[in-house]
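Q: Before we start, here is the structure in question, set down as structure tokens.
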Amino acid sequence: MALVVICGQPCSGKSTAAVTLSEALKESETKQNVRIIDEDSFHLDRNQNYANMPAEKMLRGKLRSDVDRSVSRGDIVIVDSLNSIKGYRYELWCIARAAGIRYCVLFCDVDEDRCREWNKEREGRGEASYDDGIFEDLVRRFEKPERRNRWDSPLFELFLSRDGIEKSSPVVLEAVTYLTKTVDSKTQDVRILQPSIATQSARFSEANSLYELDRATQEVINAIVEQQALGGAISRVTLGNDLPPIEICRPIGLPELGRLRRTFVKLMGQSSLSGPPLPTDANSGKRRFVDYLNREFGGSNA
């Protein structure tokens with residue numbers, strides 16, 4: 001299993017790259033099953049998808065949910081979209097980490113002027129294209145991937161306007177090798193993401209412990225949402241009851257909070273299959289969740 005995030009400016013050849021990589025993977029020695037998740041699968045006009053921030057957030061939410069459902073099926077999943085916001089790429093990286101699979105970013109590095117030309121050519125052929133205003137807004141807000149970021153690494157760069165792309169292109173072959181290489185004790189160039197929790201593995205001793213943990217973590221989420229709703233920049237969320245504060249350096253939306261909460265509860269449940277029992281009181285559950293969130297938020301801003 002693996003998750004591949006295609007990234008690039010609008011009209012930079014991302015869909016061509018996704019299809020080419022998919023075909024190369026299917027024809028590789030391992031004959032991989034590949035699924036492409038793209039915007040067209042939701043049957044929405046691309047200008048509608050990016051007409052305003054609510055529509056764009058809804059699109060990203062749909063793509064993210066589809067990815068979350070698909071990474072456990074044993075296929076290589078390719079996300080064919082702009083994926084232009086680094087915070088969103090981080091969320092996809094978190095999904096891959098929670099699933100314990102390989103992850104990489106394929107960046108279609110094409111200059112803005114060439115992207116504009118390709119957009120106009122598509123418009124002239126009557127194909128799907130971006131309105132000028134939407135195109136310029138997307139170009140302006142694009143956040144280029146950087147290989148020093150965990151969620152942008154490993155980074156494979158394609159220069160389609162200069163080199164074109166084929167199944168035999170060096171970068172495509174390099175990505176295929178990374179995604180299909182057998183991992184053993186001697187493998188050094190392939191990394192499998194590992195789920196992590198901020199505290200030691202433990203087992204709940206009573207039948208309702210997972211329910212209590214679920215309720216305790218929801219109270220933490222409610223506190224974060226309520227304090228952010230007060231307005232202004234918030235860098236710390238306090239919970240009282242001698243609990244440590246939650247340090248945040250950016251607004252955290254409810255969808256992201258919900259995913260983190262579900263991942264935490266799932267990981268705690270899995271780890272409880274071995275190890276000492278966990279405490280069942282609400283404050284202990286909250287403390288563990290706060291530690292987990294501080295680690296996640298700290299990592300997302302590294």
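The values are calculated or read from the model by the stated rules, or taken from the named source; none is laboratory data. Note that the structure is a prediction, hence the values are computed from the model and not measured. Here Cβ is always computed from backbone atoms with ideal geometry, including for glycine, and neighbour counts include all displayed protein chains. These accessible areas exclude ligands, DNA and RNA; they are computed on the full protein's heavy atoms, side chains included. Shrake-Rupley method; radii C 1.70, N 1.55, O 1.52, S 1.80 Å.
Q: Among the numbered criteria (1) of a type outside the set (Gly, Ala, Ser); (2) touching a Ser or Thr at 6+ places or on another chain (Cβ under 6 Å); (3) free of Cβ contacts under 8 Å to residues at least 12 places away in the same chain, which one does residue 80 miss?
A: Among (1) of a type outside the set (Gly, Ala, Ser); (2) touching a Ser or Thr at 6+ places or on another chain (Cβ under 6 Å); (3) free of Cβ contacts under 8 Å to residues at least 12 places away in the same chain, residue 80 violates only (3).
Q: Among the numbered criteria (1) under 16 Å from residue 152 (Cα atoms); (2) among the hydroxyl-bearing types (Ser, Thr, Tyr); (3) not in a helix (DSSP H, G or I), which one does residue 72 miss?
A: Only one criterion is unmet by residue 72, namely (1).
Q: From the set of residues in the range 66-90 that are within 30 Å of residue 27 (Cβ to Cβ) and out of contact with any strand residue (DSSP E or B) (no Cβ under 8 Å at 6 or more places or on another chain), which is least open to solvent (accessible area, probe 1.4 Å)?
A: 74
Q: May I pose another question? Can you tell me how many residues in the range 274-302 are at pLDDT below 75, within 18 Å of residue 259 (Cα to Cα) and open to solvent by less than 30 Å² (accessible area, probe 1.4 Å)?
A: Result for the range 274-302: 2.
Q: May I pose another question? Being open to solvent by less than 60 Å² (accessible area, probe 1.4 Å) and closer than 21 Å to residue 107 by Cα is the filter here, so list the residues in the range 20-40 that pass it.
A: Listed by number, the residues that qualify are 20, 21, 22, 24, 25, 34, 36, 37, 38, 39.
Q: Which of the residues that make up the range 232-258 are in a strand (DSSP E or B) and either outside the structural domain of residue 282 (by the TED database) or more than 24 Å from the chain's Cα centre (by Cα) (or both)?
A: Within the range 232-258, 236, 237 meet the criteria.
Q: Taking residue 94, is it within 20 Å of residue 154 (Cα to Cα), open to solvent by 20 Å² or more (accessible area, probe 1.4 Å) and touching a residue at least 12 places away in the same chain (Cβ under 8 Å)?
A: yes
Q: Right, another one. If the requirement is being under 24 Å from residue 189 (Cα atoms) and either under 11 Å from the mean Cα position of the chain (by Cα) or not in a strand (DSSP E or B) (or both), which of these qualifies: 128, 96?
A: The unique qualifying residue is 96.
Yes/no matrix, rows are residues, columns are (1) in the same structural domain as residue 7 (by the TED database); (2) in contact (Cβ under 8 Å) with a residue 40 or more places away in the chain; (3) in a helix (DSSP H, G or I); (4) touching a Phe, Trp or Tyr at 6+ places or on another chain (Cβ under 6 Å):
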residue	(1), (2), (3), (4)
120	yes, no, yes, no
133	yes, no, yes, no
139	yes, yes, yes, no
145	yes, yes, no, yes
148	yes, no, no, no
157	yes, yes, no, yes
161	yes, yes, yes, no
165	yes, yes, no, no
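Q: Being in contact with a Phe, Trp or Tyr (Cβ under 9 Å, 6 or more places away or on another chain) and either over 25 Å from residue 122 (Cα atoms) or in a helix (DSSP H, G or I) (or both) is the filter here, so list the residues in the range 22-50 that pass it.
A: 46, 47, 49
Q: Please work out which one of (1) more than 22 Å from residue 39 (Cα to Cα); (2) part of a loop (DSSP other than H, G, I, E, B); (3) at pLDDT 95 or above is the condition residue 182 fails and give its number.
A: Condition not satisfied by residue 182: (3).
Q: Now a separate question. Residues 45, 40: which one is within 10 Å of residue 80 (Cα to Cα) and in the same structural domain as residue 67 (by the TED database)?
A: 40
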